[in-house]
1. State whether one or more residues within the range 81-88 are surrounded by fewer than 15 Cβ atoms within 10 Å (Cβ to Cβ) and either in contact with a Lys or Arg (Cβ under 8 Å, 6 or more places away or on another chain) or closer than 20 Å to residue 130 by Cβ (or both).
2. Those residues that are touching a residue at least 12 places away in the same chain (Cβ under 8 Å) and either loosely packed, with under 12 Cβ neighbours inside 10 Å or of a type in the set (A, V, I, L, M) (or both), I need them from the range 46-60; list them, please.
3. Got at least one residue in the range 29-48 being assigned to a loop (DSSP other than H, G, I, E, B) and among the β-branched types (Val, Ile, Thr)?
4. Restricting the search to the range 61-80, which residues are at pLDDT below 95, part of a helix (DSSP H, G or I), surrounded by 15 or more Cβ atoms within 10 Å (Cβ to Cβ) and not acidic (Asp, Glu)?
5. Please work out if residue 83 is assigned by TED's automatic domain parsing to the domain that holds residue 110, touching a helix residue (DSSP H, G or I) at 6+ places or on another chain (Cβ under 7 Å) and not basic (Lys, Arg).
6. Mind counting the residues in the range 1-33 that are under 26 Å from residue 121 (Cβ atoms), more than 20 Å from the chain's Cα centre (by Cα) and surrounded by 10 or more Cβ atoms within 10 Å (Cβ to Cβ)?
7. Which ones in the range 90-118 are part of a strand (DSSP E or B) and either surrounded by 15 or more Cβ atoms within 10 Å (Cβ to Cβ) or hydroxyl-bearing (Ser, Thr, Tyr) (or both)?
8. Restricting attention to the range 119-139, and to residues there that are without any contact (Cβ under 8 Å) to a residue 40 or more places away in the chain and outside any loop (DSSP other than H, G, I, E, B), which single residue is farthest from residue 70 (Cα to Cα)?
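The values are calculated or read from the model by the stated rules, or taken from the named source; none is laboratory data. Computed from a predicted structure; not experimentally measured. As a convention, Cβ positions derive from the backbone with ideal geometry for all residues, glycine included, and neighbour counts pool all protein chains shown.
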Amino acid sequence: MNSPPHRANILDPGLNAVGFGIVQHGDVLYAVADFARAVPSLSFDQVEAAVAKLLAAQGVQTSGPTVDARETCEMSHGAAGGSSPRFIMRWQSADLSQLPDALEEQLRTKTYRTAAIGACSSANAESGFTTYRVAVLLY
């Protein structure tokens with residue numbers, strides 16, 4: 001608690017999980033504590049609802065084709081289906097509390113009225129860490 005950075009981590013109200021590791025080397029024990037924020041495992045619908053809420057706060061309603069957005073999420077470039085979005089944003093994150101800066105910048109132009117949101121399987125699902133992969137198609 002005497003180290004300001006360690007104290008800040010220990011007292012951070014945003015952190016809600018801790019892991020400990022201990023290893024013995026000779027007669028000495030070494031220990032480490034890892035403080036973190038647990039990320040809930042959400043369904044695609046729940047991820048899309050969280051992103052829709054952020055878009056609505058920016059004045060953009062979600063009424064676009066979800067199937068196209070979900071398929072677009074799986075792609076590395078381009079858009080799926082017959083829709084022609086004016087802007088496509090794909091990202092992966094463990095944090096659904098804010099939109100990526102590049103998407104925020106596009107929304108500030110106020111040139112988009114609707115959006116389609118699609119979630120898809122995380123690119124590193126087997127790693128054991130929860131991340132969300134999302135595509136937003138702006139129209």
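1. There is no residue in the range 81-88 that is surrounded by fewer than 15 Cβ atoms within 10 Å (Cβ to Cβ) and either in contact with a Lys or Arg (Cβ under 8 Å, 6 or more places away or on another chain) or closer than 20 Å to residue 130 by Cβ (or both).
2. Matches in the range 46-60: 47, 50, 51, 52, 54, 55, 59, 60.
3. yes
4. 66
5. Yes: the conditions hold for residue 83.
6. Residues in the range 1-33 being under 26 Å from residue 121 (Cβ atoms), more than 20 Å from the chain's Cα centre (by Cα) and surrounded by 10 or more Cβ atoms within 10 Å (Cβ to Cβ): 0 in total.
7. 90, 91, 93, 114, 115, 116, 117, 118, listed by residue number.
8. So, considering only residues that are without any contact (Cβ under 8 Å) to a residue 40 or more places away in the chain and outside any loop (DSSP other than H, G, I, E, B), the one farthest from residue 70 (Cα to Cα) is 127.
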